[in-house]
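First up is the structure itself, then whatever we jot down about it.
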Amino acid sequence: MEKLRQVIAYKHYFEKFLLAQPIKVQDKIYKVIEIIETYERVPSTYLKAIIGTKGLYEARIKLGSNIWRVFCVFLIKVNL
């Protein structure tokens, strides 16, 4: 599938979090990132706006009965 967005991690925080997870969780996180990058309309199961904020979202990763939430924002690239 063609990428519509590019996911970029801020500094080392996300990588540190990711590597501390079991392989199954890491695989699920990569799958959610792939969905965010490729789907034009990302289902709220995977990405949900945080009410009361402007531009802040949470990526939601569910595996079994566990849920992980990763805060994220969308940046718009402007070509001048």
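The values are calculated or read from the model by the stated rules, or taken from the named source; none is laboratory data. Values in this document were obtained by computation on a predicted structure and should not be read as measured data. Every residue, glycine among them, receives a Cβ derived from its backbone with ideal geometry; neighbour counts consider all protein chains shown.
Residues that are modelled with pLDDT under 95, among the β-branched types (Val, Ile, Thr) and either assigned to a loop (DSSP other than H, G, I, E, B) or at positive phi (or both) do not occur anywhere in region 57-71.
Okay, residues lined up against (1) charged (D, E, K, R); (2) closer than 26 Å to MET1 by Cα; (3) within 12 Å of the chain's Cα centre (by Cα):
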{"residue": "PHE14", "(1), (2), (3)": "no, yes, yes"}
{"residue": "LYS28", "(1), (2), (3)": "yes, yes, yes"}
{"residue": "GLU37", "(1), (2), (3)": "yes, yes, yes"}
{"residue": "THR45", "(1), (2), (3)": "no, yes, yes"}
{"residue": "ILE51", "(1), (2), (3)": "no, no, no"}
{"residue": "LYS54", "(1), (2), (3)": "yes, no, no"}
{"residue": "ALA59", "(1), (2), (3)": "no, yes, yes"}
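All of (1) in contact with a strand residue (DSSP E or B) (Cβ under 7 Å, 6 or more places away or on another chain); (2) modelled with pLDDT under 95 hold for VAL78 with one exception: (1). Of everything in region 4-20, what is surrounded by 10 or more Cβ atoms within 10 Å (Cβ to Cβ), touching a residue at least 12 places away in the same chain (Cβ under 8 Å) and part of a loop (DSSP other than H, G, I, E, B)? Give them in sequence order. Passing the criteria: LEU4, ARG5, VAL7.
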